[in-house]
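Notes to accompany the following structure.
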Amino acid sequence: MTSISNDVRLELYRSMVAIRTFENGVRALINDGKIGHVSFYTGGEAVAAAVGAHLRMEDQIGSTHRPLGHLIAKGADIRKMMAEIAGKATGSNKGKGGAYHIFDPDVGAIGANGIVGGSVPMTAGYALANQLKHTDNISVSYFGEGASNQGGVQETLNLAACWKLPMIFVCENSSPEEQTMLGHKIDYPQLSITDISLRAPAYGMPGGSHNGWEVEEVYKKVGEAVTRARNGDGPTLLEFKIHRLDSDEESKYCPVRCYREKLMKEGILTEALDKEIRDKEAKLVEEAIDFAMGSPEPELLDAYSDIFVEDA
Ligand SMILES: Cc1ncc(C[n+]2csc(CCOP(=O)(O)OP(=O)(O)O)c2C)c(N)n1
């Protein structure tokens, strides 16, 4: 197995800290009564950071109702993101999308979606476009374990396998399967369907289930799937088990904490470097908050603009 360079390892850590810091900034605004509800990504940072580290700007991601980590790891502008969440005219989508429908096409973030499972077929559309244009760009579709049972998601898995679409299905599973799927009760020899990735062979694609709080494990598995997709070998269904967490780093399943401890043990991260990384991300988030809070509300009549594409 190829080893991960120390530069990449530190970048994975920085990316996770960036996501956590940004979401904690959003939490503070909610607590101050300055913005409304947001579905947080906290606990999934290792997945987004690892996926983001493998993708190019030209690759696309389709996201969920918990999109902030996905977008940050894809390189989205956090000032515009913060303004979008605050419903301001300077936001990524001029304040019309909010946290649940945040897009940043400049970096291939082609849509968070408040409809559970809604972005999965759309992301396959981008994969099909990449294929038809004969590029080796790929698309990554994030969804949750609840979304995995949506009809559109199942249809997309099937079609993506049949058409060998250059895409990766990334299921972030934060609930015990026993609560949502009865596959574990199945009574066939050697078969117990408790992992969502076990649906992959049913559709004729590779897949696997892994710890989603261990960033290097995620990075390696995503890397294999990215190579497959770029080489024209079709899609992969990866399931990452994660734990949805609060703002702090107390949990043993906190990806930021796990990785900080690992990198410190190995002498790659020091207290001083950790502080430098955190201070830098905190300053960027502070600037994003100032930008968002100082930005104007959209004009009422702007509600009618940017609805239809003209001269398409
Ligand atoms: C089509 C649809 N049905 C129901 C809802 C209400 N809803 C919002 S989040 C959610 C749970 C989604 O679970 P999952 O996909 O596992 O994501 P998680 O929240 O666990 O990350 C539901 C049912 C919705 N937004 N869209």
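Here is how the numbers come out for the structure above:
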{"quantity": "Given (1) open to solvent by 40 Å² or more (accessible area, probe 1.4 Å); (2) under 29 Å from Ser305 (Cα atoms), number of the condition Ile102 does not satisfy", "calculated": "(1)"}
{"quantity": "Failed item in (1) closer than 15 Å to Lys262 by Cα; (2) touching a residue at least 12 places away in the same chain (Cβ under 8 Å); (3) surrounded by fewer than 24 Cβ atoms within 10 Å (Cβ to Cβ), with Ser5 passing the rest", "calculated": "(2)"}
{"quantity": "Where Pro201 falls short, out of the listed (1) more than 16 Å from the ligand (Cβ to nearest atom); (2) under 18 Å from the mean Cα position of the chain (by Cα); (3) within 24 Å of His54 (Cβ to Cβ)", "calculated": "(2)"}
{"quantity": "Residue within the stretch 256-270 that is within 26 Å of Glu216 (Cα to Cα), surrounded by 14 or more Cβ atoms within 10 Å (Cβ to Cβ) and within 16 Å of the ligand (Cβ to nearest atom) present", "calculated": "no"}
{"quantity": "Residues of the stretch 271-287 classified as closer than 26 Å to Met81 by Cα, free of Cβ contacts under 8 Å to residues at least 40 places away in the same chain and either of a type in the set (Phe, Trp, Tyr) or open to solvent by 70 Å² or more (accessible area, probe 1.4 Å) (or both), total", "calculated": "5"}
{"quantity": "Top-ranked residue of the stretch 136-154 - restricted to ones that are aliphatic (A, V, I, L, M) and more than 10 Å from the ligand (Cβ to nearest atom), ranked as nearest to Phe240 (Cα to Cα)", "calculated": "Val140"}
{"quantity": "Residues satisfying the stated conditions in the stretch 53-81, i.e. more than 16 Å from the ligand (Cβ to nearest atom) and in contact (Cβ under 8 Å) with a residue 60 or more places away in the chain", "calculated": "Ala53, His54, Leu55, Arg56, Glu58, Asp59, Gln60, Ile78, Arg79, Met81"}
{"quantity": "First in the stretch 157-171 and without any contact (Cβ under 8 Å) to a residue 60 or more places away in the chain, second anywhere and buried (at least 24 other Cβ atoms within 10 Å of the Cβ) and part of a helix (DSSP H, G or I), Cβ under 8 Å, 6 or more apart", "calculated": "Leu159/Ala124"}
{"quantity": "Positions within the stretch 16-47 being hydroxyl-bearing (Ser, Thr, Tyr) and either open to solvent by 10 Å² or more (accessible area, probe 1.4 Å) or in contact with a Cys (Cβ under 8 Å, 6 or more places away or on another chain) (or both), in sequence order", "calculated": "Thr21, Ser39"}
{"quantity": "Odd one out for Leu128 among (1) touching a Phe, Trp or Tyr at 6+ places or on another chain (Cβ under 6 Å); (2) away from the ligand (no atom under 16 Å from the Cβ)", "calculated": "(1)"}
{"quantity": "Residue tally, condition outside any helix (DSSP H, G or I) and either in contact with a Leu (Cβ under 7 Å, 6 or more places away or on another chain) or surrounded by fewer than 17 Cβ atoms within 10 Å (Cβ to Cβ) (or both), over the stretch 113-139", "calculated": "6"}
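Residue by residue, here is whether (1) among the polar types (S, T, N, Q); (2) within 16 Å of the ligand (Cβ to nearest atom) holds:
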residue: Ala83; (1), (2): no, no
residue: Gly87; (1), (2): no, no
residue: Asn93; (1), (2): yes, no
residue: Gly97; (1), (2): no, yes
residue: Tyr100; (1), (2): no, yes
residue: Ala109; (1), (2): no, no
residue: Ala112; (1), (2): no, yes
residue: Pro121; (1), (2): no, yes
residue: His134; (1), (2): no, no
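The values are calculated or read from the model by the stated rules, or taken from the named source; none is laboratory data. Predicted model only: the values in this text are computed from it and were never measured. All Cβ positions, glycine included, derive from the backbone under ideal geometry; neighbour counts span all protein chains shown. The area values use the complete protein model at the heavy-atom level, side chains included, leaving out ligands, DNA and RNA. Shrake-Rupley method; radii C 1.70, N 1.55, O 1.52, S 1.80 Å.
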